[in-house]
1. Among P236, T218, H258, pick out the residue whose Cα is farthest towards the positive end of the charge dipole of segment 214-267, where Lys and Arg carry +1 and Asp and Glu carry -1 on C-beta, about the Cα centre.
2. Between their Cα atoms, which of K92/K282; K92/K201; K201/K237; K127/K201 are more than 27 Å away from each other?
3. What does the highest-first list of 401-408, 205-212, 146-153, 45-52 look like by mean Cβ count within 10 Å?
4. Given 0.36 nm per residue, what is the gain on full extension from Q222 to N177 after removing their alpha carbon distance, in nm?
5. For every other residue with a beta carbon closer than 11 angstrom to the beta carbon of I202, add +1 if it is Lys or Arg and -1 if Asp or Glu, then tell me the sum.
6. Any chance you could run the full-extension gain for Q140 through Q462? It's 0.36 nm times the residue separation minus the Cα-Cα distance, nm to one decimal.
7. Taking only protein heavy atoms and a 1.4 Å probe, what accessible area per residue, in Å², does segment 75-180 have with all protein chains in place?
8. How much net charge surrounds I70 when only the other residues with a Cβ under 12 Å from the Cβ of I70 are counted, with Lys and Arg +1 and Asp and Glu -1?
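The values are calculated or read from the model by the stated rules, or taken from the named source; none is laboratory data. Fair warning: this is a prediction, and the values are worked out from it, not measured in the lab. Positions of Cβ are backbone-derived with ideal geometry, glycine not excepted, and every protein chain shown enters the neighbour counts. Accessible surface is based on the protein model in full, side chains and every heavy atom, while ligands, DNA and RNA are left aside. Shrake-Rupley method; radii C 1.70, N 1.55, O 1.52, S 1.80 Å.
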Amino acid sequence: MFPKGLTCSGSAASLLLIGLLVALSTNLERVSGDAGLVHRRFEYKYSFKPPYLAQKDGTVPFWEYGGHAIASSENVRIAPSLRSQKGAIWTKQKTNFDWWEVEIVFRVSGRGRIGADGLAFWYTAEKGSYLGDVFGSSDQWVGLGIFFDSFDNDNKHNNPYISAVLNDGTRQFDHQNDGSTQLLSGCLRDFRNKPFPTRAKIEYYNNILTVLFHNGMTNNDQNYEMCFRAENVVLPKTGYFGLSAATGGLADDHDVFHFLTTSLHIPGQFKEEPAPGEDAAKLTQEYQDYQKKLELQKEEYRKEHPDEQKDDLDSLFEDFNERELRQIWEAQTNTFEQLRTLSSKLDEVIGRQERTLGLLSVSAQAGGAAGGAPPPQIAVGGGGAAGGSSIMRHEVDALLQNQNVMVQTVREIRSIIGEVHARTDSILSNQARAPTAQVQAGGYDVQSLMNEMRDGMNQVRQGVASVAQRLQTHGAVPQAQGSVQCPTQNCLSLTAFLVTIVVQLLLMLGYSMYRDSREAQAKKFY
């Protein structure tokens, strides 16, 4: 719809739309870090992507690979998930452009909780080795290396990490510190074992190096975030692109699916190469015809509407600067809303933590006031509260449960012993009252059987009396060692019985804890 007071014929409107489409088809895009527009051109000789990434003979067009790298129709496995593997892939030709942008789609995956060693992107004056010391490539390179490092050599718990390192060919890479002493810039990003392939976009334009990263948590290929941006970066005018990877004691699969290179050219300095044959002339002639028709329609419209201003027509379309400002404002607004939501959630969590800590402190004070003193901390390993680790709550509950079972068992044993003692006294009293009748009724066999029973009961009575005496005196002050008499027969004291049970329980608990620790250590490698 045209604004009020603005009219245009159908042919003029169609020519205007055709002119806009032609203008948009020139493939001019804005590059971050530059105030103007740049020409972008896809460089197929410095790229690879599926399907049919590798030919039937295993070669990759315009690329060469070596070491333990494996090329297939879908990806290039730079280094497989085996120990001490190295590989690399390099372009056959040097670049013939100054500025470029490279998009890499890759996946680093493995069974371990941590991986090794990592993947590297190279832009160097000369090709590197296929079995080198720096992520599978040569040390002391001339150019840029961007490392996707997945192993923590310096033990600072800052891996996986993306870092950029420049080298002039004189410095050796600092493996012990993960190159942190030579770092140009970097960011902490996790790129291992993601549900979707991770992506990295590396742009070098007007001596500005920009690295964007896609974390692979979504399937949206435009969900990039800034990793770092470095200015005044001077790289060789021409060089080779390459990828390398290496594994160590731990191993990951390092797979690269896409390597897409786009050359960037300053407007006015880019000379578009004409398409071969008649197609180039045909396209050029059609474009010129459209331009002439558009100019004619503009002149006719100006003659028919001399009072109309040019700005009225331009106001219908959004300028590149306005669009970018609007997108930046919308992104900042959405970010502000998310931060405000996160702030409210964080305040809620902090409030809950404070309430929980308050309840715990009140409970601890109440327990200390009721018991007279807070319970001491129980430590394992003989190192005290500082040196050893405290016993867990479930272990304390299990220990108390075992003690309750032991007390209940002792009570049952005591009741059984008392019942046997009572029955023994009853049998002995009955035998003492009528010994003759037993002999007369049963004869010699009955008499001998009763004698054996009498002897056995006497022995049981002596043992039961000794156990009862010890149970009655349990908890009192122990007497001297020489004053405690043991029967002539073999006996087992209650203390020895309890000590034996406790020792067995402690041994079982210790073995269970040792087995759990060994299983936890074994799981670190899976």
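1. Selected residue: P236.
2. Correct reply: K92/K282.
3. Result, highest mean Cβ count within 10 Å first: 146-153, 205-212, 45-52, 401-408.
4. Full extension from Q222 to N177 adds 12.9 nm.
5. On the way: positive: R199, K201; negative: E101, E103, E203.
Around I202, the surrounding residues sum to -1.
6. 106.8 nm
7. It amounts to 41 Å² per residue over segment 75-180.
8. -2
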